[in-house]
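Worksheet for the structure shown next.
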Amino acid sequence: FGSDVELAPKRAYVSVRRKKQFAIIQPSTKTRIDIGLNFKSKAPEGRLEPAGSFNAMCSHRIRITGVSEVDQEVIDWIKEAYAGAG
């Protein structure tokens, strides 16, 4: 990402913003973080699940239990949400 990305720590999560918030990173359990993403119109698929009651800003959520799960698919989803926030 460029220098236009702002990380804004909140009480329970970190907000990731461009011109608007496009992602959040939240520790959800002792062994899992959740990445919430904001998409205008993208069908949930596989690990990219509907956010449900996770966070009102997010349309989708990815559950991460280990660094190996942050693969190219997750990076591509984050990049897509970033592009949509510009």
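Whether any residue in the range 53-61 is polar (S, T, N, Q), part of a loop (DSSP other than H, G, I, E, B) and either over 19 Å from Ala85 (Cβ atoms) or in contact (Cβ under 8 Å) with a residue 40 or more places away in the chain (or both) is what I want to check.
Pass one, the range 53-61, residues polar (S, T, N, Q): 53, 55, 59.
From the residues that got through so far, the ones that are part of a loop (DSSP other than H, G, I, E, B) too are 53, 55, 59.
Narrowing further to those that are either over 19 Å from Ala85 (Cβ atoms) or in contact (Cβ under 8 Å) with a residue 40 or more places away in the chain (or both): 53, 55.
Checking the range 53-61: at least one residue is polar (S, T, N, Q), part of a loop (DSSP other than H, G, I, E, B) and either over 19 Å from Ala85 (Cβ atoms) or in contact (Cβ under 8 Å) with a residue 40 or more places away in the chain (or both).
Across the range 44-74, what is the total count of residues that are open to solvent by less than 70 Å² (accessible area, probe 1.4 Å), hydrophobic (A, V, I, L, M, F, W, C) and modelled with pLDDT under 95?
4
Name the residues in the range 19-35 that are more than 18 Å from Asp71 (Cβ to Cβ) and open to solvent by less than 60 Å² (accessible area, probe 1.4 Å), would you?
Those that are more than 18 Å from Asp71 (Cβ to Cβ) and open to solvent by less than 60 Å² (accessible area, probe 1.4 Å): Gln21, Phe22, Ile24, Gln26, Ser28.
The values are calculated or read from the model by the stated rules, or taken from the named source; none is laboratory data. Please read all numbers here as calculations on a predicted model, not as lab measurements. For neighbour counting, all protein chains shown are included, and Cβ atoms are generated from backbone atoms with ideal geometry for every residue, glycine included. Ligands, DNA and RNA are stripped out before the accessible areas are found, and what is left, the full protein with its side chains, is counted by its heavy atoms. Shrake-Rupley method; radii C 1.70, N 1.55, O 1.52, S 1.80 Å.
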